[in-house]
Each structure stands twice: as structure tokens, then as C-alpha cells.
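Student: The structure that follows is given in the form of C-alpha cells.
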Amino acid sequence: MSLLPRPERLPGRSAVAACALSGGVAAFQVALAAGAPWGAAAWGGANPGVLPPGLRAASAGSAAVYALLAVTAGSALVPPRARRRVLTGAAGVTALGTALNLASPSLVERALWTPVAAALTVLLWRARPAPGR
């Protein structure tokens, strides 16, 4: 009998990296919701400075989604089958986000968030548990 967790319960490197990157994006969104003057780097870049109240609320919601995604990717709290479905869907959504950031009129979104979204897409895809687990 071993006191160490079974290997299939430990998150892999991709899962840990997806957790960290999702957590970083969540922190950015929290800062926006709290009034950080980084509007040029978010939501199309149309609101430089502090975001208007509606987009601040959207950032708060986005932060919650990214935080839940970080927990899903980096822990065994979610059953493997559900985790696979969530991470597959999230990889698809972040792939779409990559395209939208690339098409953004904001230089900051194109230069910063396009590679972040692309990396998150790959990491979420790789972090998915094997089918049937």
C-alpha cells in the first residue's frame, strides 16, 4: 500500500500549465472588474482606461469562468469524464477566442492575448483525461 496518490489522479504538466494560465487570465479579469485602467487590452480595446460598468461586470463573470476552468484543469475534483468534456469544450471556445483576438482592432489584444489564447487552447486540449476514464 502506497501513501502517494495514484498516478492517474495527479495532473500532468499540461494540466498544471493550463491551470496557471487560466488563473492568470482570471486575475487579469478581476483587476479589470476592480477598476484597473487596462481597458485598451480587453473587450476589443474600445474603452481605454477603466472599463464602463457593464464591461466591468462582464470581466467579473469572465474571471469566475476562468477560475472554474483553472480548477477543472488542474485538479481531480471534477470526475475524469466530465473534465474531458469541459476541457474539450473550453479548448474549442479558446480557439475561437484566438481567432477573435487576432482579428481585434486592439494591438495589445493581437500581440498579447492571441498567443495567450492559442497557448491555452493547446494546453486545455492536452490536459484532457484519456477517453473512457
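Student: Could you tell me whether the range 45-57 includes any residue that is among the aliphatic types (A, V, I, L, M) and more than 19 Å from VAL108 (Cα to Cα)?
Tutor: yes
Student: While we're looking at this one, here's another question. Read through the list (1) surrounded by fewer than 18 Cβ atoms within 10 Å (Cβ to Cβ); (2) among the β-branched types (Val, Ile, Thr); (3) under 15 Å from the mean Cα position of the chain (by Cα), then give the number of the only condition that VAL50 fails.
Tutor: (3)
Student: Out of the range 104-117, which residues are free of Cβ contacts under 8 Å to residues at least 60 places away in the same chain and open to solvent by 40 Å² or more (accessible area, probe 1.4 Å)?
Tutor: Here is the first cut: in the range 104-117, the ones free of Cβ contacts under 8 Å to residues at least 60 places away in the same chain are 110-111, 114-115, 117.
Result: ARG110, ALA111, PRO115.
Student: Please state which of the following conditions ALA31 fails to meet, knowing it meets all the rest: (1) open to solvent by 30 Å² or more (accessible area, probe 1.4 Å); (2) free of Cβ contacts under 8 Å to residues at least 12 places away in the same chain.
Tutor: Among (1) open to solvent by 30 Å² or more (accessible area, probe 1.4 Å); (2) free of Cβ contacts under 8 Å to residues at least 12 places away in the same chain, the lone unmet condition for ALA31 is (1).
Student: Here's something else I'd like to know. Return yes when ALA67 is modelled with pLDDT of 95 or more, closer than 19 Å to ASN101 by Cβ and surrounded by 15 or more Cβ atoms within 10 Å (Cβ to Cβ) and no when it is not.
Tutor: no
Student: Between TRP43, TRP38, which is under 20 Å from THR121 (Cβ atoms), open to solvent by 50 Å² or more (accessible area, probe 1.4 Å) and not aliphatic (A, V, I, L, M)?
Tutor: TRP43
Student: So how many residues does the range 70-80 have that are under 17 Å from LEU21 (Cβ atoms) and open to solvent by less than 50 Å² (accessible area, probe 1.4 Å)?
Tutor: Matching residues across the range 70-80 total 5.
Student: I would also like to ask the following. Within the range 81-95, which residues are open to solvent by less than 50 Å² (accessible area, probe 1.4 Å) and farther than 28 Å from GLU109 by Cα?
Tutor: ALA82, ARG83
Student: For residues that are open to solvent by less than 70 Å² (accessible area, probe 1.4 Å) and in a loop (DSSP other than H, G, I, E, B), scanning just the range 118-133, find the one that is nearest to GLY45 (Cα to Cα).
Tutor: Looking at residues that are open to solvent by less than 70 Å² (accessible area, probe 1.4 Å) and in a loop (DSSP other than H, G, I, E, B), I get ARG128.
Student: Since GLY61 meets every condition but one in (1) open to solvent by 30 Å² or more (accessible area, probe 1.4 Å); (2) over 27 Å from TRP38 (Cα atoms), which condition does it not meet?
Tutor: (2)
The values are calculated or read from the model by the stated rules, or taken from the named source; none is laboratory data. Predicted, not measured: the structure shown is a model, and the values here were computed from it. We place every Cβ from the backbone using ideal geometry, glycine too, and count neighbours over all the protein chains shown. Side chains included, ligands, DNA and RNA excluded: accessible areas come from the protein's heavy atoms. Shrake-Rupley method; radii C 1.70, N 1.55, O 1.52, S 1.80 Å.
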